[in-house]
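Student: Handing you this structure, nothing more for now.
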Amino acid sequence: TPESFTAFSPSDVVLDCEARGNPTPSFRWVKDDETLDLDLIGEGTIRADKNDTLDQYHGSYRCYASNTLGTAVTQTVHVIVERHPVLQNQQKIYKRASEGESLVLSCSPPESSTPPHIHWMDRRMVHIKLSERVTAGLDGNLYFSNLLKSDSRPDYICNAQYTTAMTVLPETAVSLTVQPSNSVLPGRKPHLFTPSGFRSSVLALKGNSLTLECIPSGLPTPKVEWIKKDGNLEDTTGEVTNYGRWLQFESVDQSDDGEYQCRAHNEHGEAKHSYTVTVEAAPYWVKEPQNLIYAPRENVRLDCQAEGIPTPTITWSMNGQKLSEVDPDPRRSVKGGVLKLMDVEVSDTAVFQCEAHNKHGSILLNTYINVVELPAQILTPDGLQYRVTEMGDISLKCETFGSPQPHVTWELQDSSPLLSLPHVSLLTDGTLQLFNTSRSDSGKYVCSVHESNISITAHLDVYERSVILTSPDEVRADRGSTALLHCESFTDPRLKHDRQIVWRKNGLKIQESSADDKYKLNTLLSPPDPPTDLSLSEADAHMSITLGWTPGHHHNSPITAFIVEAREEQHTEKSRWRWEELKRVPGDVREVELLLHPFCTYRFRVTAVNELGPSEPSQVSQEHSTQPAIPSSNPTGVHSESKEPGTLVITWDEMEKRLHNGHGFMYKVWWRKASKKDQRWYFNSTSSPPFVVTGTGTYTPFEIKVQAVNAIGDGPNPKEEIGYSGEDVPLEAPGGVSTSVTNSTVIVKWNEAQNVRGLLLGYKYQEEEEEQSERVVEVRGSKTSHEVSGLKLYSVYDLSMTAFNSKGQGPPSPMHRFETLEGAPGPPASLSSESPTDTTLILTWTPPVETNGILLGYIVQYQQGKNTQCSADQRITFCALFSAPPTNVTMFFGDTYLNLSWVPGPRDRNYGFHIKYLRKTEETWQESELVNSTQGFYTLMGLEPGTTYHLVILHHNNTQWEQILSEMPGNFATQGWFIGLISAIVLLVLILLILCLIKRRKGGKYAVKDKEDKEVDSEARPMKDETFGEYRSVDGDEKRTDSQPSLCGSKLGSDDSLAEYGDSVDIQFNEDGSFIGQYSGRGPVPHGNESSSPASPMTTGPPPPLPPVPNRPS
């Protein structure tokens, strides 16, 4: 029966009452001393009707289980009914206090017979952090010893957990505001929130839990110490918990009784409280009466003792009725907890109840007294083994029970009654005593009850006494030499545990020890000799035989075991004969009974074993053949292996031939449909599995069994198994296919397939991405839902379901289409970068492989590195590089200017630098304006002809490029030789013009060939004739190097120079290749250009060539 409990609904009211008996007991329930009208035959459980009101089940219940032999009673069960705790509507509470003050937040949940557990939490269901300063009390309140500003919060919530009702009720939140103090907080001596007063008394029950509590207020936060005033706290079961505020006893013991004191103290004072704990105890048993069977005219004594504080009162009842209410009987007496029944009769059979109670509760025991008139019985077990040494005494037990007291007789098997022997006597309790035994007393003894066929056997082994076979001879030996004393003894091998060899000198025992190594005791050991004299005799039991033997010599090591082996020869080929261990018996056994199989031929042998190992096997016994019999067992592993529809294939494990037990062995196969229990069995016989039954339908369950039979008869009734006829493919597809898509995962659901026509192994569904690949997923078992992951986002899938069994798949369901949602796209397929300038990075990428939706755009993120060292991740390599001024500079100079040109490197762009130059006659360096490395050239203006210059380009105070010009050239246009040369050329041209005019006037004409020759001569004029003003040969130009640039510069009109550096300069030529505008009046601009964009390689040039000859043939 259950313990007392609280019910919150009719479904909670379940009162179990179980009892066993013969005849089957009936049950009745008593509620508040009134018998309930219930029909409870065979089951004593009360279950509340859901239509009944809960209040009507409140009360105390007791169950009575009765049959013709008596009535048993349960303890009283108290049922308490309550309504489920309900949260009351409350307004939010606002509290305001000052920093340093003490405060209590109250918690008043609905009351219950089982008090709730209180948890202080916030709105997020996180526990309020407790400490010495903030403590939750046993009453559920939250105590602040002193407030801090951090205690302010709007959601102090008291949660009441009702474990019995499985309910948690949160109270209305308390909003606490702690106002800060701008002054030094004054200290306060401790004061106890709880308990009040200076002394309390507590009553605790042994085995229950107890908590003593002291929660103080004060500033600073007080410490709490506990002591036991009348003893040591360490000697109790109490443990200080809850930051010192509780003294807890998990299971109160009598030693916990006494006076305890808590002391709360800080620097301003202290507060104390004393608890007087009184430990009492509900009743508990110290001695319980036993259920016993008694014979008529015997005396019964039932002793029932209980203790408790206060001392419990013991009352006796019989069959649920108090003895004070039962008719008095002079044979029955009660004194304290002892009930006596004298000279009992069969009618005294009853169940007696012993109940102990005090103010803390009650306990009850049922004791069954069965008085029966039984025929004689022997209570001593059959087949006991007794051992004794020759000339010793032994008692053979034969305890009996019966009414009247049975009389027994003893006899030695195949011998005369023993009581005629002088050394044998029989005691009144049936014990046979033998004195001064000899080896002739060994054998099987039989104890029989007079005038009945009841008997037991006892085996007596009389061991041989140990004897000295060879005693030590007298030995003479020289001092310091070795003397050997030889002693040979015999001890019965069965006395292996008692065997000892002791040497004595002058009556004192000689010990072998490290302190005196003079004596060495050597015992020669070896495996035993094999047993001899194997004998076979028919045993009492059917198909059994008794094998006896005589042990061989043990060779000073007791025989510990005998191994009995057998060889079956009738049903085994001679080449496959092998010995099998049948039994292993202790070393003191001389014969053993063996159970054999029918219709077999056996031979036996025995091996002795001691601590040195086994002996050689004994000689093989004579053969022994057993008679045939009906099979004693049936084949195992009966099951169906049907493959085709309409057939039932029954198979099993074949039995060994030695289990056939006779001639004409067959298997009888039985079958019938499992759906109709009353249908008759069909059977047929076969010599081996399998057996095929036709016309059975598709996957129909059958009861099947296989029985072993031979010419003598049928074996035992076999156990039925369930088998099935052959399967066929399912006829119907699963219906109700639906999907639920989340990201790249879909949950597929379907209805269980019908008409499977076999054992459903599972389902397969084929999912196919629209116009893409497909896959088949197999779901084993009878599940009707499955989750598939790894789908592509933003894709369309078609899905169909099929059921399958061992024969294959059924038809597919109609295609079910579903779409996956858009998701985040994958990363771009590739990313590359190019840095055309020092401050520019061009990124190039390709679209992602998986867009997973409609691509809206890209987000480019970058981060500046923390160092200038190259670093790499998995996709792209980043390297911080610095620009620098040019190092490979080419020069071209005029009278007062110098053109410098260079090719910027791939990373040497947009770098500003200065060109420093120094005249040979001066000591102060001059500096050009800021030059950008990207423009590729610079013109240094305002130089003096015929002057040596030193040019330098610096980078971080290091010389990046350096050149010394030996001397700037003078202005040859003002030289005398140049003026004379020009005058001669002009004169020569005038003469030629005059000659041409004269010739035309004469009307003469050029020959065609002459004209062509003149044109060819004009076109083949060397380039150097057109580059007037150069004073170096072409070969000299080719020999210049970058480190030693030519003072003359490159050729005027160079295609390479114009193509590389003149992209933004407009340079014009006349028909004869001369520059236009060289004398356009532009004045020199000192130290640089007027524009930051690339310009012509020079701003002023050398004097122009002579104008072309007039009337040149075209």
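Rundown of residues vs (1) at positive phi; (2) basic (Lys, Arg); (3) in contact (Cβ under 8 Å) with a residue 40 or more places away in the chain, yes/no style:
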position: 582; (1), (2), (3): no, no, no
position: 595; (1), (2), (3): no, no, yes
position: 601; (1), (2), (3): no, no, no
position: 605; (1), (2), (3): no, yes, yes
position: 610; (1), (2), (3): no, no, yes
position: 619; (1), (2), (3): no, no, yes
position: 623; (1), (2), (3): no, no, yes
position: 629; (1), (2), (3): no, no, yes
position: 638; (1), (2), (3): no, no, yes
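Student: Quick test of your reading of the structure: residue 770 fulfils all but one of (1) within 26 Å of residue 790 (Cβ to Cβ); (2) modelled with pLDDT of 80 or more; (3) surrounded by fewer than 17 Cβ atoms within 10 Å (Cβ to Cβ). Name the failing condition by number.
Tutor: With (1) within 26 Å of residue 790 (Cβ to Cβ); (2) modelled with pLDDT of 80 or more; (3) surrounded by fewer than 17 Cβ atoms within 10 Å (Cβ to Cβ) applied to residue 770, the lone miss is (2).
Student: In the stretch 937-958, how many are surrounded by fewer than 17 Cβ atoms within 10 Å (Cβ to Cβ), outside any strand (DSSP E or B) and at pLDDT 80 or above?
Tutor: The number of residues fulfilling the criteria is 5.
Student: Only one residue in 586, 617, 628 is touching a Gly at 6+ places or on another chain (Cβ under 6 Å), under 24 Å from residue 537 (Cα atoms) and surrounded by fewer than 17 Cβ atoms within 10 Å (Cβ to Cβ). Which one? Talk me through it step by step, then tell me what you get.
Tutor: Working: 586 fails: touching a Gly at 6+ places or on another chain (Cβ under 6 Å); 617 fails: touching a Gly at 6+ places or on another chain (Cβ under 6 Å).
Every option except 628 fails the conditions.
Student: So residue 967 passes all but one of these: (1) of a type in the set (Asp, Glu); (2) at pLDDT 70 or above; (3) over 30 Å from residue 834 (Cβ atoms). Which condition number does it fail?
Tutor: Tallying (1) of a type in the set (Asp, Glu); (2) at pLDDT 70 or above; (3) over 30 Å from residue 834 (Cβ atoms), residue 967 fails exactly one: (2).
Student: Answer yes if at least one residue in the stretch 426-444 is within 30 Å of residue 348 (Cβ to Cβ) and not in a loop (DSSP other than H, G, I, E, B), and no otherwise.
Tutor: Scanning the stretch 426-444, I find no residue that is within 30 Å of residue 348 (Cβ to Cβ) and not in a loop (DSSP other than H, G, I, E, B), so the answer is no.
Student: Would it be correct to say that residue 575 is surrounded by fewer than 20 Cβ atoms within 10 Å (Cβ to Cβ) and assigned to a helix (DSSP H, G or I)?
Tutor: Numbers: surrounded by fewer than 20 Cβ atoms within 10 Å (Cβ to Cβ): yes; assigned to a helix (DSSP H, G or I): yes.
Judged against the criteria, residue 575 is a match.
Student: Follow-up. With the requirement that a residue be surrounded by 20 or more Cβ atoms within 10 Å (Cβ to Cβ) and more than 56 Å from the chain's Cα centre (by Cα), what does the stretch 546-572 give you?
Tutor: Correct list: 547, 549, 551, 554.
Student: Please enumerate the residues belonging to the stretch 632-650 that are among the β-branched types (Val, Ile, Thr) and within 42 Å of the chain's Cα centre (by Cα). I'd like the intermediate steps shown before the answer.
Tutor: Applying the first criterion (among the β-branched types (Val, Ile, Thr)) to the stretch 632-650 yields 636, 638, 647, 649-650.
Across the stretch 632-650, the qualifying residues are 636, 638.
Student: So, of the residues in the stretch 417-442 that are modelled with pLDDT under 85 and among the small types (Gly, Ala, Ser), which turns out to be nearest to residue 405 (Cα to Cα)?
Tutor: The selected residue is 420.
Student: Let me ask something additional. Of all residues in the stretch 378-394, count the ones that are assigned to a strand (DSSP E or B) and either of a type in the set (Val, Ile, Thr) or not assigned by TED's automatic domain parsing to the domain that holds residue 438 (or both).
Tutor: Selection size over the stretch 378-394: 4.
Student: In the set 201, 196, which member is in the same structural domain as residue 249 (by TED's automatic domain parsing) and in contact with a strand residue (DSSP E or B) (Cβ under 7 Å, 6 or more places away or on another chain)? If you could, list the steps in order and put the result at the bottom.
Tutor: Values: 196 fails: in contact with a strand residue (DSSP E or B) (Cβ under 7 Å, 6 or more places away or on another chain).
Going through 201, 196 in turn, just one is in the same structural domain as residue 249 (by TED's automatic domain parsing) and in contact with a strand residue (DSSP E or B) (Cβ under 7 Å, 6 or more places away or on another chain): 201.
Quick grid of which residues meet (1) under 30 Å from residue 761 (Cβ atoms); (2) at pLDDT below 85; (3) surrounded by 11 or more Cβ atoms within 10 Å (Cβ to Cβ); (4) over 35 Å from the mean Cα position of the chain (by Cα):
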site	(1), (2), (3), (4)
782	yes, yes, yes, no
794	no, yes, yes, yes
807	yes, yes, yes, yes
813	yes, no, yes, yes
837	no, yes, yes, yes
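Student: Got at least one residue in the stretch 76-90 being among the hydroxyl-bearing types (Ser, Thr, Tyr) and at pLDDT 90 or above?
Tutor: Kept after step one, since they are among the hydroxyl-bearing types (Ser, Thr, Tyr), are these residues of the stretch 76-90: 76.
From what's left, at pLDDT 90 or above: none.
No, because not a single residue in the stretch 76-90 is among the hydroxyl-bearing types (Ser, Thr, Tyr) and at pLDDT 90 or above.
Student: What number of residues in the stretch 324-337 are part of a strand (DSSP E or B) and surrounded by fewer than 17 Cβ atoms within 10 Å (Cβ to Cβ)?
Tutor: Looking only at the stretch 324-337, we keep the residues that are part of a strand (DSSP E or B), and these are 332-335.
Those left that are additionally surrounded by fewer than 17 Cβ atoms within 10 Å (Cβ to Cβ): 333-335.
Looking only at that region, the number is 3.
Student: Shifting gears a bit: When you go through (1) modelled with pLDDT of 85 or more; (2) in a loop (DSSP other than H, G, I, E, B); (3) in contact with a strand residue (DSSP E or B) (Cβ under 7 Å, 6 or more places away or on another chain) one by one for residue 747, which number turns out not to apply?
Tutor: Here residue 747 meets the rest and fails (2).
Student: For the stretch 755-767, give me each residue that is touching a Leu at 6+ places or on another chain (Cβ under 8 Å) and surrounded by fewer than 14 Cβ atoms within 10 Å (Cβ to Cβ).
Tutor: Correct list: 755 only.
The values are calculated or read from the model by the stated rules, or taken from the named source; none is laboratory data. Since we're looking at a predicted model, the values are computed, not measured. Using ideal geometry, Cβ is built from the backbone for each residue, glycine included, and neighbour counts are taken over all protein chains shown.
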